[in-house]
Structure formats: C-alpha cells, structure tokens
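A.B. asks: Before we start, here is the structure in question, set down as structure tokens.
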Amino acid sequence: MTNNTSRVQPADALVQSMRRRRFRVATLAAAFSLFALYVAWHEAHGPGMRHSDELPITQARADDAAQPAIAGATPTVASSDLVKRGEYLARAGDCVACHTADKARPFAGGLPINTPFGTIVTPNITPDPDTGIGQWSDADFLRAMHEGVGKSGERLYPAFPYAEYTKVTDQDVLAIRAYLNTLTPIHYAPPSNSLKFPFNQRWLMVFWNLFNFDEGRFVPDPKQSPELNRGAYLVQGLAHCEECHTPRNFMQGLKTSSRFSGAVQAGWHAYNITPDKNSGVGNWSDDELAAYLSTGAAPGRANAAGPMAEVVTDSTQYLTREDVGSIVTYLRSVPPINGGESRPRDQWGNPAVDDVTALRGTTINTVNGAQLFIANCATCHNWTGQGVGASAPGAYPSLIHNSAVGASDANNLAMVILHGVSRTTKQADVLMPAFATQLTDDQVAAITNYVTKQFGNPQSTVTVDQVATLRTQQ
Ligand code: HEC
Ligand code: HEC
Ligand code: HEC
C-alpha cells in the first residue's frame, strides 16, 4: 500500500503519510466498534429469537402421533417410517460425503476441507455423546442446520452448506436427526481446523452471513407446478447443487447473479448447468439429465467423475424417479447463462482415422500425445476414441461428444487422467485407473492436448505447470 515508505521522504510527505495512517486506524477502529455493536445486538436478538416465526418444532413429531422420544426408544412403526424418511433426506443432502473420512467410520467426520482460508475438518455427527452430537437437543440441531450456529452458540463455517440447508423444513431436518440418532455412535474426535488468523475467529462469520446468508425456509411459488416447486426445494436446499455449480464472490459466498453458471473448485470444473444451449445443458433431453443424475452417465453427453461421481454415488442415485424428474424440471426453469461458448461441450470431435498407421514403424523420441494415448488409453477408449460398449452401463465411453473433452477448458480431462474415475451405482461399478503415478506432468499435458485436439475442443489446452497444480488437488 505505502510503497514509498522505504525511500527517504521529504518532511511534509512524511507528515501526510502519518496522517493518512492515523486516519486509516481511526476508520478501522470505528468500523470495528460498529461490528462489535452489531455482534452484541445480534447475539442478544438473533439466535435467541429463533423459530418464533415458524411452525413449532414439535410439528414433525405430531406427524407421528403418540410417538415416544426417538433416541433409545423401541421403534414403533411410525418412528421407523420417520427414520426411513430421514435416511432418504440425509442422502438427498449428501451428509455422508463430507462427514466421512474413513469408510469404516461413516458420519464420524475427520474429512479435511480445503478453503482459500485454511483447512476445516468436518465434525463427528454420529450420536456419540462425547465426540458426536449425542447430547444435542433437536433445537440445537435445527439451529445448526438453519442458522449455522453450533451447540455452544459458536458460528459454524459456511463449508457446512447451511446457506442451503436453511431452506429445509423443520419436519425434514428433524427426520434427518431421527435417522442420525439410529446410527452406531462412533467415539472419534477429528483433528482440529487449521485456519489462519483472522479466519480462525468464528464470530467473523457474522459478517459473512450479513452479506452471503439469508436465513429462512423455502417458500413455494404458487404460480409454479408442485413438481417445479419440489425440484426447487431439493436443489436450493438439501441437494446444495449450487455449492459447486455457482461461482463465488471474493468472500466465498455464492454469486447469486450467476447461479448455476459453473465454477472451478479443487481443480474440477462443475460446469454450467443452466438451460443455455451452448454453455449449459439446454440441448440435453429430460431423460438424459435424469440418467446422468441417477447413473452418472448420459452416453453421447457426459460422464460423472470427481466430485460429481461422489454426488451420484452417495446421493442422487438414491432419489426417486419423481424427485429426479422434479430436479430436472427445476433446472430447466432457471435463467440460461451464456458463458460465450460457440458450441455445446458435447458437440465436438471426430474419430481418429490415421494416427495408428501414421505412428507405425516410427521411432518417437519426444513426448508424443498420440503415442501416449495409444499406449495408455486406447485399450479401453479405442484408438479411434469411440470407446467400447456403446451406451451399456459401465461401458468405456466414447471421448467424442463427451463434455469433459469438449469443454472450453481441459481441467476435468487432465483431472480424470491424473485421478481416474470411481463411481458405484446400482447399475455398475465404474472404474478408470488413475495415471498420476505412471505419467509425468509433461506426459499428462501431451495426452490431454492430443485428446482435446483430436476428439474434442481444440482450443482447450493445458500447460505442464497447470498439470503440476492439478496433480496436487483432490
Ligand atoms: C459440503 C460438506 C458438508 C456437507 C454436505 C454436510 N456438512 Fe455438516 N458440516 C460440514 C463442515 C465443514 C462442518 C464444520 C463447520 C465448522 O467447523 O464450523 C459441519 C458441521 C455440521 C454440524 C455441526 C456439528 C458440530 O459439532 O458443531 C452438523 C450438526 C452437521 N454438519 C450436520 C450435517 C447434516 C445433517 C448434513 C446433511 C444434511 C451435513 N452436515 C452435510 C460440512 C458438510
Ligand atoms: C461437490 C460438487 C458438486 C455438487 C454438489 C454437484 N455437482 Fe454437478 N458436477 C460437479 C462437477 C465437478 C461436474 C463435472 C464432472 C465431470 O466432468 O466428470 C459436474 C457435472 C454435472 C452435470 C453434467 C454437466 C456436463 O455438461 O457434463 C450435471 C447435469 C450436474 N453436474 C448436475 C448437478 C445437480 C443437479 C446437482 C445437485 C443435485 C449437482 N450437479 C451437484 C460438481 C458438483
Ligand atoms: C481400464 C480402462 C480405461 C483406461 C485404460 C482409460 N480409461 Fe478413461 N474411462 C474408463 C471408464 C470406465 C470411464 C468412466 C465411464 C463412466 O463414467 O461411465 C472412463 C472415463 C473417461 C473420460 C470421461 C470422464 C468424464 O468426466 O466425462 C475421459 C475423458 C477418459 N476416460 C479419458 C481417458 C484417457 C485420456 C485415458 C488414458 C490416459 C483413459 N481414459 C484410460 C476406462 C478407462
């Protein structure tokens, strides 16, 4: 800021710069006092006043008339229905994805989430009384999900998607609680966060909330069909699609002016899924979108790898046909956002016709993308790039008309080569091996650039440095 302080300054310039500094300190102090006042006011009037404008918390219980307290009770038919509904909703909210670090300890937390401000480790949400949420009341749980406030009144970080979960009805939140209560308590205390000052100050989230958080339940639009409203409720709430698909502002809040228009996170590009014909998924049919969410594959369009493979594996494959249909109906209704693409991601590429013959008998000394492709990829994807098994579940997909290959950046393609694909659904266990240990950065870059040029969008390329960065992600 004051890049002239290292030089010798004339006296009046020095006085001026001191004045400027004093002014800055005074402004900061004033701002801080206002902040502090706001915090004090908010602590007094905010969370304490919660839920006074809502249905009483007991509403969900009323559904299961005469049902005893959930924890430890002999399950009645009604409560087992509630638990089943809670399990379904917990899947829709994909709680397990973030709250599991070790598959042997589901929901016990410990997963490090990297943010630009440091690492946040997910807590244990099993009913263990000491290390989990066994001692939480339903009101505590509702407050966490709806307001992002922890048991002792501390602010939670928005890496926990409470900005979306705030839309979920009390009834659904309490069903999730009822389900979590039936899990085996796991005694495990995850390691603590490593956030740098000032981000380790939880109270600062008050300001984040001020700009980036609207507390309140989903309000259906009476002008829209029940189906569209159901889809909006799921997408904006539990399914938290926007956490990945909506770009963020400098505070890491969602940029609500460009919802669903795509964002890059931890190396992966969660594409534009607005109905825009060229930049989004406007040219997909309803059935293709539904197939993608239920199985992770929409042949001739896209396959789900990386974080989206996890979403399908842990969450969307379990949704009913009706709920998937509602999500699709809602996605169709969001404003299309044009990102400047000249063609849809899935409308690029031609089969290779001459690369194998061209390479025959030649000795290649430099890193050669075509040669590396044939050596490492062609067994499954065919040297023509057309894949094997067409559109059968678990097929080796065609790289032609594939969104990761036709996208305007090659992030996901390089990530797929480095980290592979792993997705488990009712239809198939899908596995593409990771090449991170076999291939060097320049080899991965060469294959990536060959694949986009030959089978996809020739304008999207990666550099060796970019591959080196992508290698460390995930
Ligand atoms: C995208 C990742 C993510 C998902 C999905 C997620 N959580 Fe979390 N959750 C977190 C993180 C991170 C924290 C810790 C925030 C903090 O330390 O301030 C957290 C905290 C919590 C807490 C507070 C626990 C405590 O000890 O303070 C509860 C309760 C909770 N989550 C429940 C859920 C439920 C229920 C779901 C599914 C409906 C869910 N979470 C889905 C990331 C996630
Ligand atoms: C954890 C982050 C994350 C969440 C949550 C998420 N997505 Fe994705 N999504 C991605 C990524 C990353 C890709 C790209 C995957 C790839 O290229 O293999 C993607 C791809 C997609 C695609 C395919 C687009 C294309 O052209 O290839 C659709 C459709 C989609 N997501 C819909 C959704 C919906 C609907 C939800 C909510 C139910 C959702 N996503 C939630 C990260 C996410
Ligand atoms: C052992 C077989 C096998 C090999 C070898 C292999 N793949 Fe794959 N590939 C797969 C499978 C399986 C999938 C996932 C199919 C699905 O999602 O249904 C896949 C998916 C892909 C996708 C689509 C990912 C997405 O997000 O849409 C791309 C691109 C890809 N592979 C490129 C490559 C490249 C480049 C190589 C060589 C470095 C390679 N593959 C090597 C089996 C293989």
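What follows draws every value from the coordinates through simple rules; no lab data is involved. Computed from a prediction, not measured in an experiment: that's the story for all the values here. No Cβ is skipped: glycine too gets one built from the backbone with ideal geometry, and neighbour counts run over all protein chains shown.
A.B. asks: Please list, or write none, the lysines whose alpha carbon is within less than 30 Å of the alpha carbon of LYS103, excluding same-chain residues fewer than 8 places away.
C.D. replies: LYS84, LYS151, LYS167, LYS196, LYS426
A.B. asks: With only Lys, Arg, Asp and Glu charged, each at its Cβ (+1 for the first two, -1 for the last two), find how big the charge dipole of segment 355-471 is about the Cα centre; round to the nearest 20 debye. Walk me through the intermediate numbers first.
C.D. replies: Values: 5 positive and 6 negative charges, 54 e Å.
Using only the charged Cβ atoms, the result is roughly 260 debye.
A.B. asks: Report the percentage of all Cα-Cα pairs in segment 59-212 whose separation exceeds 21 Å, rounded to a whole percent. All intermediate terms of the calculation are to be shown ahead of the outcome.
C.D. replies: Working: 5330 of 11781 pairs.
Counting pairs separated by more than 21 Å, the tail of P(r) holds 45 percent.
A.B. asks: What's the FRET efficiency of SER342 with PHE207 using the Cβ-Cβ distance as r and R₀ = 51 Å, to the nearest 0.05?
C.D. replies: Working: r = 41 Å, r/R0 = 0.80.
That pair, SER342 with PHE207, gives E of 0.80.
A.B. asks: Between VAL388 and VAL264, what is 0.36 nm times their sequence separation minus the Cα-Cα distance? Round to one decimal in nm. Walk me through the numbers before you get to the answer.
C.D. replies: Values: separation 124, 0.36 × 124 = 44.64 nm, distance 2.99 nm.
Result: 41.7 nm gained on full extension.
A.B. asks: If you don't mind, another one. Under 13 Å Cα to Cα from LYS453, which aspartates and glutamates show up? Leave out anything in the same chain fewer than 8 places away.
C.D. replies: ASP355, ASP409
A.B. asks: Something else about it: Take the Cα of HIS187, step 7 Å along the line toward its Cβ, and report every residue of segment 115-157 whose backbone nitrogen sits under 18 Å from that point.
C.D. replies: 124-136
A.B. asks: Please work out how much length the chain gains when fully extended from PHE250 to SER333, using 0.36 nm per residue of separation minus the C-alpha to C-alpha distance, in nm with one decimal. All intermediate terms of the calculation are to be shown ahead of the outcome.
C.D. replies: On the way: separation 83, 0.36 × 83 = 29.88 nm, distance 2.76 nm.
Contour length minus the Cα-Cα distance gives 27.1 nm.
A.B. asks: To the nearest 0.05, what FRET efficiency results for GLU322 and THR366 with a Förster distance of 51 Å applied to their C-beta separation? Mind dumping the intermediate values first?
C.D. replies: Numbers: r = 55 Å, r/R0 = 1.08.
Efficiency, rounded to the nearest 0.05: 0.40.
A.B. asks: Based on the alpha-carbon gyration tensor of segment 259-317 and its eigenvalue square roots a ≥ b ≥ c, which shape applies: rounded if a/c is under 1.5, prolate if not and a/b is larger than b/c, or oblate? Walk me through the numbers on the way to the answer.
C.D. replies: Details: a/c = 1.88, a/b = 1.05, b/c = 1.80.
Oblate, since a/c reaches 1.5 and b/c is not below a/b.
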